[in-house]
Amino acid sequence: MTDDGPADDGPTADELTAVEIIATVSHELRSPLTSIKGFTSLLLSRWDGIADDRKKEMLEAVRHDADRVTRMLTELLDISRLEAGRLHLSPRPLEIGPLIRSIVDKVAMVEPDLDVTIDLADDLPEVVADADKVEQVLTNLVENAAKYGSPVGLRIAARADGDEVSVAVADRGAGIPAEDLDRVFARFYRREEGRPTGTGLGLWISRGLVEAHGGRLVAESVEGEGSTFTFTLPIAGPPA
């Protein structure tokens with residue numbers, strides 16, 4: 001009779017989650033990396049035979065796909081840091097208005113039908129936040145609104161409310177069923193409506209980044225009318 005040692009109960013929940021994350025990100029990385037390799041190979045082999053305007057289009061596509069890869073790698077780092085409670089922020093006074101306009105311009109490069117109304121309150125105060133992380137959150141919300149809602153008729157509003165600023169991204173899409181509102185912030189959750197792409201981690205990470213600033217990220221929706229995602233950030237106080 002032999003002793004085979006303790007029984008193997010299989011992978012733990014944490015191990016399964018890590019495997020799922022790696023598998024999901026690996027799958028999503030294939031498309032942009034294939035595009036980058038294809039365009040760069042074509043440019044290197046046929047540079048003199050390609051018209052300048054076509055070269056520009058290819059290089060813009062390469063830049064866009066490189067940004068996608070960078071964002072996915074950033075998401076991987078954010079996941080590990082959020083779970084370990086080791087997310088490092090560099091909060092500084094930040095004007096939210098110019099950041100909103102910059103993000104809309106960037107998303108418009110890949111969403112040619114994007115139609116956004118920006119509604120900023122008068123005398124909107126600065127917030128204290130990590131600009132890179134806020135950009136990550138806002139970009140995710142605007143891209144999601146265009147993909148899952150509609151790129152036409154988006155509205156981004158920013159208001160001061162007490163000691164914080166709220167930023168709301170609203171779309172005129174089909175809306176989200178009430179039973180799915182909480183699920184949209186779960187890891188790997190992707191709705192079937194719209195044009196689902198990505199890792200399904202964006203909203204989970206966005207909520208974690210907002211909460212790390214001491215704010216909140218919530219969703220409201222009416223089926224047939226659209227959805228609104230709102231997050232808050234603390235207002236910058238006077239210098240010490």
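Observations on the model:
- When both region 56-84 and region 118-169 are represented by their alpha-carbon centers, they are found 21 Å apart.
- Highest mean packing comes first when the peptides 170-178, 34-42 are listed by Cβ atoms within 10 Å, giving 170-178, 34-42.
- Peptides 45-54, 103-112 ranked from most to least packed, by the mean per-residue count of other Cβ atoms within 10 Å: 103-112, 45-54.
- Atom-type composition of the exposed protein surface of region 30-84 places 56 percent of the accessible area on carbon and sulfur (1.4 angstrom probe).
- Residue order by solvent-accessible surface for Lys147, Lys56 is Lys56, Lys147, largest first, with ligands and nucleic acids left out and a 1.4 Å probe.
- Taking the empirical scaling 2.2 N^0.38 Å for compact globular proteins as reference, region 34-85 has a Cα radius of gyration ratio of 1.61.
- Using only alpha carbons, region 83-147 has a radius of gyration to Kirkwood radius ratio (Rg to Rh) of 1.02.
- Summed over the residues of region 70-124 and divided among them, the accessible surface reaches 64 Å² per residue at a probe radius of 1.4 Å.
The values are calculated or read from the model by the stated rules, or taken from the named source; none is laboratory data. Everything quoted here is computed from the prediction, not taken from an experiment. Using ideal geometry, Cβ is built from the backbone for each residue, glycine included, and neighbour counts are taken over all protein chains shown. Protein only, heavy atoms only, side chains kept; ligands, DNA and RNA dropped before computing areas. Shrake-Rupley method; radii C 1.70, N 1.55, O 1.52, S 1.80 Å.
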